[in-house]
1. Just to check I understand the Karplus step: with θ = phi - 60° and J = 6.51 cos²θ - 1.76 cosθ + 1.60, what whole-Hz values come out for region 8-21, glycine and proline as x?
2. Taking 0.36 nm per intervening residue step and subtracting the Cα-Cα distance, what contour gain separates Asp107 from Ala15 on full extension?
3. Output the Cα-based Rg and Dmax of region 13-107 in Å, rounding Rg to one decimal and Dmax to a whole number.
4. Taking neighbour counts of Cβ atoms within 10 Å as a proxy for exposure, in what order, fewest first, do Leu51, Leu99 appear?
5. Measuring from label point to label point, each 7 Å out along Cα→Cβ, what is the Val96 to Thr6 span in nm?
6. Let me check against my output: what whole-number percent is the relative contact order of the chain, with C-alpha pairs under 8 Å and at least 6 apart?
7. Hey, can you rank 5-11, 32-38 by average C-beta count inside 10 Å, highest first?
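Values quoted throughout were computed directly from the atomic coordinates according to the rules given, and no laboratory measurement underlies them. The shown structure was predicted, so the numbers you read here are calculated from the model rather than taken from an experiment. Cβ: placed from backbone, ideal geometry, glycine included. Neighbour counts: every protein chain shown.
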Amino acid sequence: MITPATYNTTAYCGATWDKTFTATVDGVAVNWTGFTGRMQIKEHLNSTAVLTLTTGAGITMGGSAGTVVVAMTATQTAITPGSYRYDLELTNGTTVYRLVEGKIVFDGQVTI
């Protein structure tokens, strides 16, 4: 079982954002081979997602290295500035692990 980590961060509206998460259990990398990722960013828990990322579309699985890379393009980060919630889930069939969750603040853009 994996207990989700909490990772609060800031993204800058109109700028590229990326983060690599590495999962280990007892110091050994988790093998994500065969898993897919999904992530949604929402203003509130029950609101409509302002951004959805999936494997091959913003999420890259690192297989036996235990890594998961999440990347948002400058176009994707051009959303209304403010504080949002997110979580990153990894699935393989009916198995679902929540790897990380937290708040993401989108800081407004001056230069357009």
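1. Going residue by residue, I get 9, 8, 10, 10, 9, 3, x, 10, 5, 9, 8, 8, 9, 9 Hz, with x marking Gly and Pro.
2. My answer for the length gained is 32.1 nm.
3. Considering region 13-107 through its Cα atoms, Rg and Dmax are 13.6, 40 Å.
4. Least to most surrounded, the residues fall as Leu51, Leu99.
5. Going by the 7 Å Cα→Cβ label model, 2.2 nm.
6. Contact order relative to length: 38 percent.
7. In decreasing order of mean packing, 5-11, 32-38 become 32-38, 5-11.
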